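A.B. asks: For reference, the structure I am asking about is given below.
Please treat every number below as a calculation from the coordinates, not as lab data. As the structure is a computational prediction, the values presented were derived from the model and not from experiment. Note: ideal-geometry Cβ built from the backbone for every residue, glycine included; neighbour counts use all protein chains shown.
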Amino acid sequence: MMYRRLAELVPRRKKVKFEMETGDGDKIAITFEGSLTREKLYQLADFLELVSGVPEPSENIRGNKLTKLMSVIEKHFPYSFFTSREIAEAYQYEFREPIPLSTASTYLARLAEKGWLERTGSGNLARYRIAHGEARQKEFETV
């Protein structure tokens, strides 16, 4: 009898499955089982957004975080170097919603890999700026 009451008090583990298909036709399925918090859901959504690729710059600014981040970079740092922390602060100022520093750092690194940004330094000393000229133009011609 006592065991039954304890079992009723312990919350049940939740199981959530996310499925997605990328523009290239790749299918991704993620199953999460356990204590699901809002922060964990945001992290999963950020991951799914990352694997779907870099959006076109002409997409609606009300779109995903990556599109919003790109618009913040173009508006606040069109020619100057910036850090992940500065971008996270500008993003919060612009959209009145926070973006985790780790998410901003991941997006910046990905944009640098794609040639949209130039990167100097590494780790916490990384600084970025918009890549101007042929390198950036070629990137968007191939997207």
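A.B. asks: Please list, or write none, the lysines whose alpha carbon is within less than 24 Å of the alpha carbon of Lys40, excluding same-chain residues fewer than 8 places away.
C.D. replies: Lys14, Lys15, Lys17, Lys27, Lys65, Lys68
A.B. asks: Here's another thing I want to ask about it. Once both labels are modelled 7 Å past Cα along the beta-carbon direction, what's the Glu33-Arg119 spacing in nm?
C.D. replies: Placing both labels 7 Å along Cα→Cβ, they lie 3.5 nm apart.
A.B. asks: A follow-up question, please. Quick one: length gained pulling Arg127 to Leu101 fully straight, 0.36 nm per residue minus the C-alpha distance? List each step's numbers first, then the result.
C.D. replies: On the way: separation 26, 0.36 × 26 = 9.36 nm, distance 1.39 nm.
Between Arg127 and Leu101, full extension yields an extra 8.0 nm.
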